[in-house]
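S.K.: My structure is below; once you've seen it, I'll send some questions.
The values are calculated or read from the model by the stated rules, or taken from the named source; none is laboratory data. All values reported here derive from a predicted model rather than from experimental measurement. Positions of Cβ are generated from backbone atoms using ideal geometry, with glycine treated the same way; all protein chains shown enter the neighbour counts. Ligands, DNA and RNA are stripped out before the accessible areas are found, and what is left, the full protein with its side chains, is counted by its heavy atoms. Shrake-Rupley method; radii C 1.70, N 1.55, O 1.52, S 1.80 Å.
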Amino acid sequence: MKKLEISEFATLVKKIKEEVNKDVVGQEEVIYNVIIAILAGGNVLLEGVPGVGKTRLVRSLSQTLSLPFSRIQFTPDLMPSDLIGMNIIEKDEQGKLNTRFQKGPIFANLILADEINRATPKTQSALLEVMQEHSVTVSNQTYKIAEPFFVMATENPIEQDGTYPLPEAQMDRFMFKLVMEFPSNEELESIVNMTQVTMDEVATKIIDGPTILAMRALAKDVPVLPEIVTYAMKLVSSSHPELKVTSEVAKKYIRYGASPRAGQALITTAKIRALIEGRFNVSYEDIDALSYPILRHRIKINYNAINEHLSCDDVISLLIQENKKGH
Amino acid sequence: MKEEFKKFRKKILLEHLIKALILGVSLGAIFTALIFGAFKLIGIDLFFIFYILIFLGASAIFVCLLYFNHQPDEKNIAKRLDETYLLKEKTQTMVEFPSNDNEILIKQKEDTKLSLLNCDTKKLPIMISIGYYISLVIAILIVLGSFFIPLNPNFPFKEDPNSNSSLDSSSIDTSLVTSDSTSIQDGEQGSGDSEVESGDLTSAESGETSEIDSGDIDSASQNSDSSNSIQSGDGETQYGEGHVFTKDGFTELGDVIDDYYNQIVEGEIQGNIPDDLEDILDEYFKSLYDQSKNNEGNTEPQNVIKRRRQ
């Protein structure tokens, strides 16, 4: 495995951000979190109205990371075999019939699952194994997918006709859910000016697959205080209204809480965030900042929260406040 | 103790000492107030200097216990430094992971040392939480409250009616009247009012001084048709052989004494028999005793004396 200097970590991330910003105007926080997710080996669900640059962001990233990229447009008639591939029958040179596995578009390093909620649950489920285990099983044969592997899915929060909301098991496999806000007037101006020159992505290669893996390995050694781990786990468990260790916020506003994957994701991504921030240890600040993209698609708010016009992020803020008091 | 902490240690220990002092003094004051209150409740009234000594001793013990038993360790100091200088858990991590197993841990330590070098000890405030002040206020309130606990005059000596109390003898408005009395001075008939005014009396048994306002004890010599009258030492009071004259009329003197004695024993009257009354009674008993000795057969006065002595 490629050896990487610690001092290079933050520099490389800064460079990636700069490159992506050449193609995507604004969306600083989204870009920042996408990089964290990629380095942590997690999948990202991007939510935003059409035209805010979801697809462009992913394409730009693939160029910067110089990774094989597949863009899959999810539609209601998309079949699992269209994603993962299938066994095909072919004749060899002697005229003998053989089966051969034809890899689908999923066999890439960076997958853009565009409008994922338009595909049927059957097709969505085809992604479960590949997102979690980074492997595909066809006819009792398991095929490993080359690392690093990421799925970046997009969905439109407005247009819900003819869509199939992602099941909870599928949602839980996304490390982050990032919301792309509509750009400001200044950003809109910059977008228009930029696209007058060229519509193509101009980002150049900064790192490659092995470097990403080296960065990931390096981040694993970042020390985390036991108190911080406890705090992160408490944050997750306190989101469950049915548990004894629940919080008042959960009892009042949450229908069901986050899964243990949220706890894992909090610690893994906190280490990367710490390194990006130029620290060599995880802080409470990292956990708090990452709670929003990690928990917002994993906890389900109830009618009380909707009635009081509280968003999922508001409830997470309340959860953090309540847990902060205790530690 | 890590080198990086040395410059902060002094100030943190000073803060710890102040906290120990506040809490120790509060506990010492509460302890002293409890003793003070308890002593007052059981009727022990000691010199105030005694309580000051208890307070100083208890406070010193509590301060020492708090200071030495809860001295801040490396983790506490690290946490304090992180919170004060916003070091984002750098110092705590350095303390928690002392080994140099990998490059990141080494870098982490270097980074933390650099951060601590840039921290000014003057910016480390002495922070005493509100809880310490509250404990001090509570202690002061308890001490003040203990002064309002009344001194119990009865508790340890309730069985002894002669101790530690005062008697307002004016309540005894008894007119001793000689009736059918035998005069010590033959031929002299006691008549007229006798006014006895007592001054300050000392209870010899308790060793304490009690002030008694005896008031007036009027010994009205009425119906003194008898020649056997007893005249008191001052020559103004006369009383008879075996009877007294009270508001209710003539009564056996022995019954009056019995009633009076019972009242003392049952606590209805607290205190000593006033000296003036005692003198009168003593004189009376003495005369009756002499008389009975002469008569040989009359034992009643001796019984009364015996009962009184019991």
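S.K.: Output the residues belonging to the range A:135-161 that are open to solvent by 50 Å² or more (accessible area, probe 1.4 Å) and more than 27 Å from A:Ala289 (Cβ to Cβ). Write out each step before concluding.
M.R.: The first filter runs over the range A:135-161 and keeps only residues open to solvent by 50 Å² or more (accessible area, probe 1.4 Å), leaving A:137, A:139-144, A:146-147, A:157-161.
Matches in the range A:135-161: A:Thr137, A:Ser139, A:Asn140, A:Gln141, A:Thr142, A:Tyr143, A:Lys144, A:Ala146, A:Ile158, A:Glu159, A:Gln160, A:Asp161.
S.K.: Now a separate question. Residue under question is A:Ile36, and the condition is that it be part of a helix (DSSP H, G or I) and more than 14 Å from every other protein chain (Cβ to nearest Cβ); does it hold?
M.R.: Values: part of a helix (DSSP H, G or I): yes; more than 14 Å from every other protein chain (Cβ to nearest Cβ): yes.
Yes: the conditions hold for A:Ile36.
S.K.: Looking at the range A:279-318, which of the residues that are of a type in the set (A, V, I, L, M, F, W, C) and assigned to a loop (DSSP other than H, G, I, E, B) is nearest to the other protein chains (Cβ to nearest Cβ)?
M.R.: Taking the range A:279-318 and keeping what is of a type in the set (A, V, I, L, M, F, W, C), we get A:280, A:282, A:287, A:289-290, A:294-295, A:299, A:301, A:305-306, A:310, A:312, A:315-316, A:318.
Keeping just the survivors that are assigned to a loop (DSSP other than H, G, I, E, B) gives A:280, A:282, A:299, A:310.
Details: A:Phe280: 4, A:Val282: 7, A:Ile299: 26, A:Leu310: 29 Å.
Restricting to residues being of a type in the set (A, V, I, L, M, F, W, C) and assigned to a loop (DSSP other than H, G, I, E, B), the top hit is A:Phe280.
S.K.: Another question, then. A:Gln132 - would you say it is surrounded by 17 or more Cβ atoms within 10 Å (Cβ to Cβ), within 30 Å of A:Gly263 (Cβ to Cβ) and without any contact (Cβ under 8 Å) to a residue 60 or more places away in the chain?
M.R.: Values: surrounded by 17 or more Cβ atoms within 10 Å (Cβ to Cβ): no; within 30 Å of A:Gly263 (Cβ to Cβ): yes; without any contact (Cβ under 8 Å) to a residue 60 or more places away in the chain: yes.
Judged against the criteria, A:Gln132 is not a match.
S.K.: Go through the range B:95-108 residue by residue and tally those that are outside any loop (DSSP other than H, G, I, E, B), closer than 10 Å to A:Pro223 by Cβ and either more than 8 Å from chain A (Cβ to nearest Cβ) or in contact with a Leu (Cβ under 6 Å, 6 or more places away or on another chain) (or both). Reasoning before the result, please.
M.R.: Quick first cut of the range B:95-108, residues outside any loop (DSSP other than H, G, I, E, B) only: B:95-96, B:103-108.
Applying the additional criterion that residues be closer than 10 Å to A:Pro223 by Cβ yields B:96, B:104-105, B:108.
Those still in the list that are either more than 8 Å from chain A (Cβ to nearest Cβ) or in contact with a Leu (Cβ under 6 Å, 6 or more places away or on another chain) (or both) too: B:96.
Qualifying residue count for the region: 1.
S.K.: Do we find that A:Arg59 is in contact with a Phe, Trp or Tyr (Cβ under 8 Å, 6 or more places away or on another chain), touching a residue at least 40 places away in the same chain (Cβ under 8 Å) and either open to solvent by less than 50 Å² (accessible area, probe 1.4 Å) or under 30 Å from A:Ile206 (Cα atoms) (or both) in this structure? Reasoning before the result, please.
M.R.: On the way: in contact with a Phe, Trp or Tyr (Cβ under 8 Å, 6 or more places away or on another chain): yes; touching a residue at least 40 places away in the same chain (Cβ under 8 Å): yes; either open to solvent by less than 50 Å² (accessible area, probe 1.4 Å) or under 30 Å from A:Ile206 (Cα atoms) (or both): yes.
It is true that A:Arg59 is in contact with a Phe, Trp or Tyr (Cβ under 8 Å, 6 or more places away or on another chain), touching a residue at least 40 places away in the same chain (Cβ under 8 Å) and either open to solvent by less than 50 Å² (accessible area, probe 1.4 Å) or under 30 Å from A:Ile206 (Cα atoms) (or both).
S.K.: Does any residue of the range A:256-269 turn out to be surrounded by fewer than 23 Cβ atoms within 10 Å (Cβ to Cβ), within 13 Å of chain B (Cβ to nearest Cβ) and closer than 22 Å to B:Pro98 by Cα?
M.R.: no
S.K.: Scan the range A:112-127 for residues that are within 16 Å of A:Ser81 (Cβ to Cβ) and outside any loop (DSSP other than H, G, I, E, B) and jot them down. Give the derivation first.
M.R.: Initially, the range A:112-127 is screened for residues within 16 Å of A:Ser81 (Cβ to Cβ), giving A:113, A:119-127.
Of everything in the range A:112-127, those that are within 16 Å of A:Ser81 (Cβ to Cβ) and outside any loop (DSSP other than H, G, I, E, B) turn out to be A:Ala113, A:Pro121, A:Lys122, A:Thr123, A:Gln124, A:Ser125, A:Ala126, A:Leu127.
S.K.: Run down A:Val224, A:Val229 and say which single residue is assigned to a helix (DSSP H, G or I), farther than 30 Å from A:Phe101 by Cβ and among the hydrophobic types (A, V, I, L, M, F, W, C). Explain how you work it out, then say what you get.
M.R.: Values: A:Val224 fails: assigned to a helix (DSSP H, G or I).
None of the others qualify; the one that does is A:Val229.
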